[in-house]
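What follows draws every value from the coordinates through simple rules; no lab data is involved. Treat the numbers as computed from the prediction; the structure is a model and nothing was measured. Here Cβ is always computed from backbone atoms with ideal geometry, including for glycine, and neighbour counts include all displayed protein chains.
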Amino acid sequence: MMPLHRHYSFLQEELDFSPSFSLNPSIRLRANAQFGELIKSYGVFQMGSKGYKPAALLQSTFDFVASKDAFLNFFFLYQYSSMSSTEEVEPNDDIRPALDFFDGLSLSDLQKQENIKSAAVEDFADYLVDNFLLPFRASSMKTPQPTPASLSSMQSSTPAGVRQRVSLLRQRCLIRDHHRCVVSRKFDRSEARKRFQKYGEDCQDDGGIPLKDETSDNFQYLEVAHILPHCLTAVASGDTELSEPKRTVLQILDMFDPGIIHLIDGPDIVSPLNALTLTLDYHRLFGEFQILFTPTGKPYEYRIDSTELSPFLRDPLFPITRTLTLSPNRTIDPPSSRLFGIHRAIAHILELSGAGEYIEQILNDIL
């Protein structure tokens, strides 16, 4: 990846990707045209040196973000600050100098044009992978699970307050999801054992159906899974400001659904809105962005599918349509369709660009 321009840090600190952000119509037209030309010049099916398709990654990201003006602004200011000879780039600068920079390439020889265009696509794709997709994926499997108090001292990496909130979250999700995995409908084995010890063979599930009528393979241990990673908490306990990597992730995340970061701000990320009950296997697949939820248009109903292409690895259960269960008296929020939407968008980007395999290789090497 091309090293960042020394004045590029303002992008992580100053740019406002709020819902009100928009480009001047004439600038938007130029930016769209130049972005499209860069993608076309590189080729969406062209494989990059790192084993994924940079242009496909940029195009699919652009297709899935809601705030396309913010993405174009981010893209062209990144290019200008990284590739031009300008000494200073101010936070309030518009992207016209960046657009002029690319317009000026027509005066260069053809080979130089192609080299600069290719570098622009590859560099920004690498930036998105290194600073958004990779950390997002790496943190997606780190949903803390409740543990006995006697083990809390062994888990210094997870603050006690977080463990308590996750423990309460798990209880609330199990109640809301009727102690069943939202994908497989397997019943929680631990809860089944408690009910058997208390009621014997008369024990029932949350709907009043006798548990003895179910086969043994319909009971599995369940976990709470966050839709967006738990570690995206905007301000961690005791912290007063964001780290730069987290700020970058949140700013890019907000382009997908402007204002979404307020839905997962602080302790709110440990909320039933951002969680669902899954078996251990489905939790892992969901965290790897290999399972996605697509709304059908009916209330709380989703078509659940897998991105797995291998016929012998693909779960025959998929695709399947499920209606999410609600808690008694609807006192516990259902999972947010907005958060499912961001998870689904990232899953598609990883699949369409091939960046998912590249990221998994990196994680396998370091974990």
What's the center-to-center distance, using Cα atoms, between the stretch 304-367 and the stretch 113-132 in Å? 27
Peptide ranges 315-324, 272-281, 332-341 listed from the most packed, as the mean C-beta count within 10 angstrom indicates: 272-281, 332-341, 315-324
Taking each pair of distinct Cα atoms in the stretch 20-141 once, what is the resulting Kirkwood hydrodynamic radius in Å? 15.2
Listed peptides 184-195, 219-230, 289-300 by packing density, highest first (mean Cβ within 10 Å): 219-230, 184-195, 289-300
Determine the sum of side-chain charges near residue 205: Lys and Arg each +1, Asp and Glu each -1, restricted to other residues whose C-beta is under 15 angstrom from that of residue 205. +2
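Lysine pairs, Cα distance under 28 Å, 8 or more residues apart or cross-chain: how many in the stretch 160-366?
6
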Within the under-11-Å Cβ sphere about residue 50, not counting residue 50, Lys/Arg +1 and Asp/Glu -1 give a net charge of -3
Where q = 0.09, 0.19 Å⁻¹, what log10 of I(q)/I(0) comes from the Debye formula for the stretch 160-366, counting one point per Cα? -0.39, -1.51
